[in-house]
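In what follows, a structure is listed as structure tokens, so that the remarks can point back to it.
Every read-out reported here was derived from the displayed coordinates using simple, explicitly stated rules and does not represent laboratory data. These numbers were taken from a predicted model, which means no experiment stands behind them. Note that each Cβ is placed from the backbone with ideal geometry, even for glycine, and that neighbours are counted across all protein chains shown.
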């Protein structure tokens, strides 16, 4: 087992089974003598339901997902020329809608039906994958732990399409000559600034929410690790208690056996004492009989 295969297995199970599966895989790595691999596996974070659903697409609808990611790559390339963006956006919309439905079906079949919020997060993640090449690679890999999003109207690192700039550069018929002295781009600046500020605010809020989600996930994982440690400690204590109980039962059995031997020894001693008393009594009676009949020759008399 290597890290890649372990991660693939782990992010393919239901989120509810993630912790138990992670524990099993880490234990297998540890038993195999690979402590570093066990540590890496233990550091993997449980996916949200929406991230898990996107991971299902990477496993069970890879061709359809690849079609969307290819469309995203074409869109990013088209931002340099502005050609064909309309058709690509329509194509992306169709693919995203189809994949969102597929994700819902796959999740339901696997036992993790998606609610409205999770469906929106799946859609946001797929949209983001068409805009950001890094997110596209994460989605293709199928090991997401959190949903992804992208704020703004153009991919990061790309300028506005030339067609849009030309449209803004054309003077409007109703503009007065005095107003035409000011470049159209500068007139459009307040609106663009508002859009930029709104996009920046959305991005900041999304980033804040993402960090909070990651922090909550880290705390949950930490508590799960503590629970696992407590469970292991309890099992060790239970095993020790069982061992001590076994030793106690064995000691009690040995004590009872020793007590029975002592009872038998006491009985033998009592019988021996009784036999001694009987012998002494018989000897005393013999002496008394000899005293009453002194003429009776004693044993061995007449020998010279």
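When a footprinting reagent is the concern and you count Cβ atoms within 10 Å, what order do 48, 130, 208 take, fewest first?
Details: 48 19, 130 27, 208 10.
Ordered from fewest to most neighbouring Cβ atoms within 10 Å, 48, 130, 208 come out as 208, 48, 130.
What is the extension gain from residue 73 to residue 101, computed as 0.36 nm multiplied by their sequence separation minus the C-alpha to C-alpha distance, in nm to one decimal? Write out the running numbers ahead of the final one.
Numbers: separation 28, 0.36 × 28 = 10.08 nm, distance 2.22 nm.
Full extension of this stretch gives 7.9 nm more.
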### Added length on full extension, which subtracts the Cα-Cα distance from 0.36 nm per residue, residue 282 to residue 35
80.4 nm
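What order do you get for 52, 79 when you list them from fewest to most C-beta neighbours inside 10 Å? Mind dumping the intermediate values first?
On the way: 52 29, 79 18.
Fewest-to-most ranking of 52, 79: 79, 52.
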### Query
For segment 44-148, what's the radius of gyration and Dmax over Cα atoms, in angstrom?
13.4, 45
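Take peptides 56-63, 27-34 and line them up by average Cβ neighbours within 10 Å, highest first, as a rough protection proxy.
56-63, 27-34
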### Message
With 10 angstrom as the radius, rank 273, 123 by how many other C-beta atoms surround their C-beta, starting from the fewest.
### Response
273, 123
### Message
If I histogram all Cα-Cα distances within segment 66-124 using bins 10 Å wide from 0, what percent of pairs lands in each bin?
### Response
22, 42, 24, 11, 1
